[in-house]
Amino acid sequence: MPDFTVIAVSATKGADEAELDVVGADFESAAEAKGYARRMAEEVHQLSGQLDLDFDYSHVSVFEGEVEDDVDLNHPSLVGVWLYDEDGVGWSTAADLREAGEA
């Protein structure tokens, strides 16, 4: 069973569907999973600039353990999320998101 699951969600403005990529792996630590997720977020962010895409609801999230397809940011195993927009990527912990009412 993977120690962490990384889920990338990408949706462009005006689109009816989002692209979902799920990576389950035996990362050595939450920091390694977080770093992997950051690289995913930065790659998508860079791609969006090259293709002039305007992302609406896009992020890369890190969950502790193996999670199923029907997860969202309210899932109790959420570690944190790399959120990105036209300015770049930024990390928010699960606690920060819940406190802000975004999870």
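Summary table
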| quantity | calculated |
| --- | --- |
| Extreme residue, farthest from K13 (Cα to Cα), among residues of region 28-68 that are among the acidic types (D, E) and modelled with pLDDT of 80 or more | E28 |
| Condition met for H75 (surrounded by 12 or more Cβ atoms within 10 Å (Cβ to Cβ), modelled with pLDDT of 70 or more and part of a loop (DSSP other than H, G, I, E, B)) | yes |
| Neighbours by Cβ (under 8 Å, 6+ apart or cross-chain): first from region 1-18, surrounded by fewer than 16 Cβ atoms within 10 Å (Cβ to Cβ); second in a strand (DSSP E or B) and modelled with pLDDT under 70 | K13/F55 |
| Residue count, region 5-24 (criterion: of a type outside the set (D, E), assigned to a strand (DSSP E or B) and farther than 19 Å from G80 by Cα) | 1 |
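The values are calculated or read from the model by the stated rules, or taken from the named source; none is laboratory data. Keep in mind that this is a model prediction, so the values were computed, not measured. Please note: Cβ atoms are built from the backbone with ideal geometry, for glycine as well, and neighbour counts cover all protein chains shown.
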